[in-house]
1. Among the numbered criteria (1) loosely packed, with under 12 Cβ neighbours inside 10 Å; (2) part of a helix (DSSP H, G or I), which single criterion is violated by PRO20?
2. Under 6 Å between Cβ atoms, at least 6 apart or on separate chains: pull out the pairs that start in the stretch 29-47 with a residue that is open to solvent by less than 90 Å² (accessible area, probe 1.4 Å) and modelled with pLDDT under 95 and end on any residue that is of a type in the set (S, T, N, Q) and assigned to a helix (DSSP H, G or I).
3. Six or more apart or on different chains, Cβ under 8 Å: which pairs go from a residue in the stretch 53-66 that's within 26 Å of GLY17 (Cβ to Cβ) to one that's surrounded by fewer than 16 Cβ atoms within 10 Å (Cβ to Cβ) and basic (Lys, Arg)? Could you list them?
4. Can you name the number of the only condition in (1) open to solvent by 80 Å² or more (accessible area, probe 1.4 Å); (2) basic (Lys, Arg); (3) assigned to a strand (DSSP E or B) that LYS9 fails?
Amino acid sequence: FDGMDFVRKVILGAWTGLKPGGWILLEHHYDQSISVMNFLDSVGFHEIDYGKDLEGQKRFAMAMKP
C-alpha cells in the first residue's frame, strides 16, 4: 500500500466507465500531483491538467478520455 492504490483504482475505473470525450476530475493529496498526472498519462488520458486549492497547492487532477 503506497497511498496511490485507491487513486489508481479510481482512474482505471474512470477509463473503463467514461465514454470518449468524458472527463475525470479527481481530488488528491497535494504531494501526489505528479504521480497522479503521470498515471493518467500512462493510462491514455489526454488534456491532463491540475487545479490548485486555496493555499496554492496542486490538489485536483483533470483529464479527458480521448
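1. (2)
2. Taking only residues 6 or more apart or on different chains, not a single pair turns up.
3. Once the first residue is within 26 Å of GLY17 (Cβ to Cβ) and sits in the stretch 53-66, its partners that are surrounded by fewer than 16 Cβ atoms within 10 Å (Cβ to Cβ) and basic (Lys, Arg) give LYS58/LYS52; ARG59/LYS52; PHE60/LYS52; LYS65/LYS19.
4. (3)
The values are calculated or read from the model by the stated rules, or taken from the named source; none is laboratory data. Just so it is clear, the model here is predicted, and its values are computed rather than measured. As a convention, Cβ positions derive from the backbone with ideal geometry for all residues, glycine included, and neighbour counts pool all protein chains shown. Heavy atoms of the whole protein, side chains included, go into the accessibility calculation; ligands, DNA and RNA do not. Shrake-Rupley method; radii C 1.70, N 1.55, O 1.52, S 1.80 Å.
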